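These notes concern the structure reproduced below.
No value in this document is a laboratory result; all are computed from the given coordinates. Worth saying up front: this structure is predicted, and the values here are computed from it rather than measured.
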Amino acid sequence: MSSITALSKLFAPCLILLLAACAAQSPGPTPLAAKVSKAELLDGSIVGLEPDDVLEPTNILAINDDMRTFLDAHVPENAHSKHKVQLILAAILDDGLRLDYNLFRTHTAEEAFYSRDGNCMSFTNLFVALARATGVSASYQEVEVPPTWEARGDTWLYNKHLNAVVDLPGGRMMVDFALESYNDEYRRTQLGDDEAQARYHNNMGVHWMSEGDLPLAFKHFRRALEIAPDTGYFWTNLGTLYRRAGRPDAAEAAFLAALDVSRDPAAMSNLARLYRANGSEDLARWYEDKVQLFRRKNPYYLFHLSEEAYAAGDFERAAREARRAIRLHKGVHEFHHMLGLAHVQLGVLEQAEQEFALAAT
């Protein structure tokens, strides 16, 4: 699992957040960003880069002779497509590379092959590259999994999930590094190679920002935005970088750019924090209210509140939040299971049985 946003805040795939909707309009003039244009946000001058200081091209799906030899040893050329997929997965996970999961490692296919670890994007890069090399049609897919957060230093990282889809003669097959936690009910969006490349650079930007190398992080965020300028959380992460660089005016401009293209709650949260630090209390409260409204429309956030309430012994609230989550997204097993647990604690055993039955279907 890997896409990242930061609570300062960052985003990255399998370190990502994609929330496309109408742009949020602020209640009045913004206090900081009038002199920072979008061109200035992207030219590198704020972090001390020269115009010609750019990243070398990266091919996240490149394979080499070692990888071809690996395929020759594990995947017969005359195997049918589904068998090839099974053999590649076995070679990656069991009898070949034994790739280990590491949330904070985003690798190209080649890097994952040698490092033998990585997050969901690393695994997907490696699988897609190897599958295509054997003639199997494989592509990227982004999955809307329940929100999870990870701490790294003084930054909270929001994780979203990436996996692969294979086109087979009899239909489509999903290939996932974390299959045990996968649910067919999760919403999915197919991604092109360019979109996946952009997410790779976003992840790398998050990585280098967490390492304190702001110029290199900037170059990765800029490359992500060059490929996919309408992806809001890329702008949010760039804003986080500028805030760390001591440029709240540029940070504000980047967060507002995120809202121009996507109703990104991380951008709203960061703006609220930025305005509160600047003494703009009305704007801070306005964006905080927008974040809360957005969260109350997210069934997985409500499920999280239900879990928290249950752990605290507030079973009435746990049941209430679980019911709200179910109303927003029916049929999610975890929601019904949580409501069943709350009903047990409340002594409503017939209703608990009904919810457990729904969770089991």
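For the reader, a short list of remarks on this structure follows.
- Between segment 104-131 and segment 242-314, the alpha-carbon centres lie 32 Å apart.
- Whole-Å semi-axes of the ellipsoid equivalent to segment 199-327 (Cα gyration tensor, √5λ, descending): 31, 18, 14
- Within segment 253-324, the proportion of C-alpha pairs whose separation exceeds 20 Å stands at 44%.
- For segment 310-361: rounded, prolate or oblate by the Cα gyration tensor [a/c cutoff 1.5]: oblate
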